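> One structure, as structure tokens, below. Some questions next.
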Amino acid sequence: MRRYKLTDTVKLYHLSVDRLGDEVFYPRVPNDRLEFEDDTIPRICVSTSVRGCIKGLGMDETHHHVFLYTPVEYKGKKIKDHIFKPTVDEVPDVVKTREKWITCPVKMKYLGVVDVIPHIDHWGRVRDKVIIYREK
């Protein structure tokens with residue numbers, strides 16, 4: 001894991017199946033991580049894109065209704081100093097998900113709802129997922 005340099009133009013996103021509101025999130029080792037994913041480093045998983053978050057959740061090909069958040073600073077702590085990019089050894093699909101880890105408590109701002117709907121072609125195969133974002 002190496003420090004990730006966050007710029008002012010990069011946004012970070014987090015998806016949750018729970019509607020939590022604007023709350024403080026605390027780093028933890030996720031229960032639903034991949035089999036070979038790191039199981040020792042407490043973190044809050046975020047991505048630089050909503051689509052990356054969806055890939056990181058490993059959703060199956062059915063409709064999902066999830067909640068979108070973005071991190072904001074907490075108690076004056078600069079989260080820029082606590083954002084890391086995991087290695088492929090720590091997160092095998094990190095290139096696909098663009099996952100980053102926040103390793104300090106952070107307040108999350110609720111942005112709205114994301115509906116993930118698979119797009120099915122005329123042969124019945126899932127080709128893409130359509131993302132519909134609705135503000136609160």
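> What is the order of 101, 123, fewest Cβ neighbours within 10 Å to most?
Numbers: 101 22, 123 6.
In order of increasing Cβ crowding within 10 Å: 123, 101.
> Starting from the Cα gyration tensor of segment 12-112, take the square roots of the eigenvalues, sort them a ≥ b ≥ c, and report rounded, prolate or oblate (rounded when a/c is under 1.5, otherwise prolate if a/b is larger than b/c, else oblate). Provide the component values of the computation, followed by the final result.
On the way: a/c = 1.75, a/b = 1.12, b/c = 1.56.
Oblate.
> Going 7 Å from the Cα of residue 11 in the Cα-to-Cβ direction, what parts of segment 69-96 have a backbone nitrogen less than 16 Å from that spot?
Under 16 Å, as judged by backbone N against the label point of residue 11, lie 69-73 of segment 69-96.
Values quoted throughout were computed directly from the atomic coordinates according to the rules given, and no laboratory measurement underlies them. Note that the coordinates shown come from a computational prediction; the quantities given were computed from them, not determined experimentally. Virtual Cβ from ideal backbone geometry, glycine too; neighbours counted across all protein chains shown.
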